[in-house]
Amino acid sequence: MEPYSCDTFVALPPATVGNRVIFGKNSDRLFDEVQEVIYFPGAVHSDLSKRLKCTYIEIDQVPETYAVVLSRPAWLWGAEMGANEHGVCIGNEAVWGREAISKEEALLGMDLVRLGLERADTAEKALDVIVDLLEKYGQGGNCAEGEEFSYYNSFLIADRNEAWILETSGKYWAAEKVQGIRNISNQLSITSRIDREHPDMRNYAKQKGWWDGQEDFDFAAAYSYINTASMMTSPSRYCQGYTLLNKHKGNITFETMMGILRDEPSGINMKGEFLSTASMVSVLPRDSSLPCVHFFTGTPHPERSVFKPFIFVPHISQLFDTQSPTFELERPLARKPYVKPDRRHPLYQKHQQALEVISHNKVLTCALLRIPAPWLHLLLAPPISVSSSLHP
């Protein structure tokens, strides 16, 4: 499978309006994958002998987990993106480099997103959670249902006060504290500005012959094949995303972020075999008396989707309209051909019906434009109604 991935963005004051941190992400996945938006309440775990089952492996549980709202591929345990009750937001990207991708089942990057949200009340603590789990359990396993698709991960982690980029290659990692605006895509992007790192990261690169130990250390150059000198002038989505952020620097709002996620010329709003299957934008006020607001589409095509707000409040009920049916997870490649179960949730089904109506009306309009003018007014005279079944 071609190495495609998503785009995640963050903007911190003074790049934003109203002293707010703005976070955004498009989740670009296989075009037929359903993504659900689901809420899990916080919990106290008294029996720590009981192991936690993630997508593929079991890990140690912790005494307390925080409430989270997740946008996730409906077939797995982890999440592409989400937020917790303390205003921490995380999104991940697939990345590739010199280190061979492990197919051995371990923690997926998406598992690490959920674990970071469930176990940390600040962005930097979430970074600590992820790198500790990475060291203990590793990352690996198939990342798509019914397809062979494996990768390492980068993460953008934000809270009300700060944001971090965490990029990984196997168990090795580097982290950069964000200043102003930042984005990540499907490439390593941390160069020589490294604020935290795996203690053996440089030595490993030197042993592998990726760094001579003399030049200034450049994480992306050492662990991938990227020419970092031309990274910001390439036509990549990473470069295009930064250009869009920088264009609005100083005036970035949540509407600005939604516009970036809907941008087609840059490729950020992806279409084709890989599709922007779900999108998220979060508003994180630095004033702790104000609530964080998290907008999710729960549906593909961000330019045709509504971003629906979610706020953590007491006594939240489950989000049934965006919750997919539950099926027992099979190993995605256990049998051929693999038949995916129907995981469409009610909102996804309504969205599909609406797209069919839009598509039908476009075809009808094109056909009408080819009809001789004297007959056109007769065909347009009757009112066109939409079936009430399309309305929730």
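Where a number appears in this text, it was derived from the coordinates with a stated rule and is not lab data. Predicted model only: the values in this text are computed from it and were never measured. Every residue, glycine among them, receives a Cβ derived from its backbone with ideal geometry; neighbour counts consider all protein chains shown.
Membrane-span-like helices in the chain (whole DSSP H runs, Cα extent of at least 27 Å along the helix axis, mean Kyte-Doolittle hydropathy of at least -1.0): 346-368.
Show me the three semi-axes of the equivalent ellipsoid for the stretch 141-262, from the C-alpha gyration tensor (sqrt of 5 times each eigenvalue), largest first, rounded to whole Å. Provide the component values of the computation, followed by the final result.
On the way: eigenvalues 141, 70, 44 Å².
The three semi-axes for the stretch 141-262 are 27, 19, 15 Å.
Near A126, once Lys and Arg are set to +1 and Asp and Glu to -1 for all other residues with Cβ below 12 Å from its Cβ, the sum equals -4. As a proxy for reagent exposure, I358, I226 were ordered by neighbouring Cβ count within 10 angstrom, fewest first; the result is I358, I226.
Per the Debye calculation on the stretch 37-136 with a single equal scatterer at every Cα and no solvent contribution, log₁₀ I(q)/I(0) for q = 0.10, 0.23 Å⁻¹ amounts to -0.26, -1.38. For the stretch 89-159 versus the stretch 181-197, the inter-centroid distance based on Cα atoms is 15 Å. Its Cα gyration tensor gives the stretch 35-91 an equivalent ellipsoid, and the semi-axes of that ellipsoid, as √(5λ) in whole Å with the largest first, are 20, 15, 8.
With 24 Å as the limit on Cα-Cα distance, the pairs of K53/K103; K103/K177; K103/K271; K125/K271 that go past it are K103/K177; K103/K271; K125/K271. In summary, the chain shows an alpha-carbon radius of gyration equal to 1.04 times the 2.2 N^0.38 Å reference for compact globular proteins. Relative protection proxy for 104-117, 158-171, from highest mean packing down: 104-117, 158-171 (other beta-carbon atoms within 10 angstrom). For the chain, the mean residue ellipticity at 222 nm estimated from helices alone is -7000 deg cm²/dmol, where every DSSP H run of n ≥ 4 contributes -39500 (n - 2.57) and the total is divided by all residues, rounded to the nearest 500. The convex hull drawn around the Cα atoms of the stretch 77-175, when projected onto a plane and averaged over every direction, covers 5.7 nm².
Sort 10-19, 257-266 by packing, meaning the average of other beta carbons within 10 Å per residue, with the highest value first.
Values: 10-19: 20.3, 257-266: 18.7.
So the peptides 10-19, 257-266, ranked by packing, come out 10-19, 257-266.
Can you tell me the convex hull volume per residue for the stretch 1-45, based on C-alpha atoms, in Å³ to the nearest whole number?
Working: hull volume 8.4 nm³, N = 45.
Considering the Cα atoms of the stretch 1-45, their hull volume per residue is 187 Å³.
The peptide list 284-296, 86-98, 235-247, put in order of mean Cβ contacts within 10 Å with the highest first, becomes 86-98, 235-247, 284-296.
The alpha carbons of the stretch 233-324 occupy a box of 48, 35, 17 Å along the principal axes, longest dimension given first.
Compute the projected area of the convex hull of the Cα atoms of the stretch 98-149, averaged over all viewing directions, and report it in nm² to one decimal place.
Details: hull surface 16.8 nm².
Result: a mean projected hull area of 4.2 nm².
Think of each Lys and Arg Cβ as +1 and each Asp and Glu Cβ as -1; about the Cα centre, that makes the dipole of the chain roughly 920 debye. The convex hull drawn around the Cα atoms of the stretch 171-219, when projected onto a plane and averaged over every direction, covers 3.9 nm². If you take the square roots of the eigenvalues of the alpha-carbon gyration tensor of the stretch 1-80 and sort them as a ≥ b ≥ c, do you get rounded (a/c under 1.5), prolate (a/b over b/c) or oblate? The shape class here is oblate.
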